[in-house]
Each structure stands twice: as structure tokens, then as C-alpha cells.
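Remarks on the structure that follows.
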Amino acid sequence: MIRIAIILGSTRPNRNGPQVAQWVLDSASRRGDAEFELIDLRDHPLPHLDEPVPPMFGPSVHEHTRAWAERIAPFDGFVIVTPEYNHGLPGVLKNAIDHLFREWAGKAVGFVSYGAGGGVHAVDQLRLICSTLGMAGVGPQVTISLHHDFENFTTFTPGDRHVTTLNTLLDQLVAWSNALAPLRQPGTDTPHTVEGADHDDTERLSLTR
């Protein structure tokens, strides 16, 4: 059975994300076609990207990066739960993504966002980032409004349309995670594997990251 991680992408005090992520987990856990697990970035603090070379060239020299890689690697797909900050995704989420490369590639990803405008701008950025990493983003997206889907901006009250969209998102996520399984086999090149990279390429890329 495939494994799907639900990544909570905010670490701010008084965040609304845990309610949303728990709702996703509770809904997903009633399914019988995959195993779901919640990953809270608060439990995996990472410094601002501090590896001397890009993650695609690994191996990582820092224990915190290796521990993060070991946490992410076993999963076949992801649901990223993200707020929107100033028309973008949280820096802590971008940093967590940037610490890894192969652990993301060849896997499916879905998005659940929240914010004053539903978090759509954060997901627009995430789709581009995840595509660059060789991930397959599913089309359905849950967009949650702080104005209409939270009582007093604090208590999450998902409507029926959100339940329907989440179920469709999970249907596609599970299907794509299964379909992409051959790309995740050991020794299989991922869509963005760098071919012919030599030491000079590594050094040049490390200077531009």
C-alpha cells in the first residue's frame, strides 16, 4: 500500500494550519487505498539551507538534512497544507523543500491552502517548484478562506464543497502515486536527473544557489 504524507507548512504561533491538516488526515484516514501520516514542520526544524552543494548532487554533509531526507524518502506522495503570506508560500516550507531533491522526485503532490483569498497564490508558486523537482501536481485544489471558513478567524468549519474537493484530490493523488511507482524504483532516472554533471558543474551550481 502506498504511503502519503500530509505536510503542515506553517510554524507560526497561533497558526490555523493544524486544524486544516488534521481535517485532511481524518478525512484521508477513512480511505482504504493508502496510508496517511501527518508531518509538522515544527517537529523538523531546519536552518536556512546550509548545504555546500545543491541537494541534487548530495550526499548531505549535515545531520539535520540527512534526518529530514530519511523522514521524507519513504513516502509515495504528499498533500501540502499551506497558508499564504504576502501572495506567496511560507519561507519555512520553501526551505524544507529546498533541502532535498531526489526524495521528492517521481512522486505526486496535492495542495490544500488557506488565507484571505484561499491561498491560491501560494499554491501557484508551489506548483512551479514541485514541477521543477520532478513531482506531478494533481489538478483539484482545496482553497480555504479565512473570512468564510473559520468562525472568528480561528475555528475551522469546512463546508460540503471542501469535503467534495478534498475527496477528489485524494482520489487523483492516490491514482497518480500508484502510476508513478516505476519512477521510484532504485536505479531509475527521475525526470530531472542531471546527466553528465562533473565537478565543475557541481561547483558552478553551488555558487548560484
**OP:** Hey, can you grab everything whose amide H is under 5 Å from the amide H of residue 10? Only 5+ residues off in sequence or another chain; H modelled, so Pro and N-termini drop out.
**Re:** 41
**OP:** Give the percent of DSSP beta bridges with both residues in the chain that are antiparallel, rounded to the nearest 5.
**Re:** 10 percent
Original post:
Ordered by residue, what ³J(HN,Hα) values in Hz, to whole numbers, does region 5-15 give under the Karplus form 6.51 cos²θ - 1.76 cosθ + 1.60, where θ = phi - 60° and Gly and Pro are x?
Top reply: 9, 9, 9, 8, x, 10, 10, 5, x, 6, 5
**OP:** Apply the membrane-span-like helix rule to the chain: whole DSSP H runs, Cα extent along the own long axis of at least 27 Å, mean Kyte-Doolittle hydropathy at least 1.0. List the helices found.
**Re:** none
Subject >> Sequence-distant residues sharing a close amide H with residue 136 (under 5 Å, placed H) >> reply: 107, 108, 109
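Every number here is computed from the coordinates shown, using simple stated rules; none is lab data. These numbers come from a predicted model, not from an experiment.
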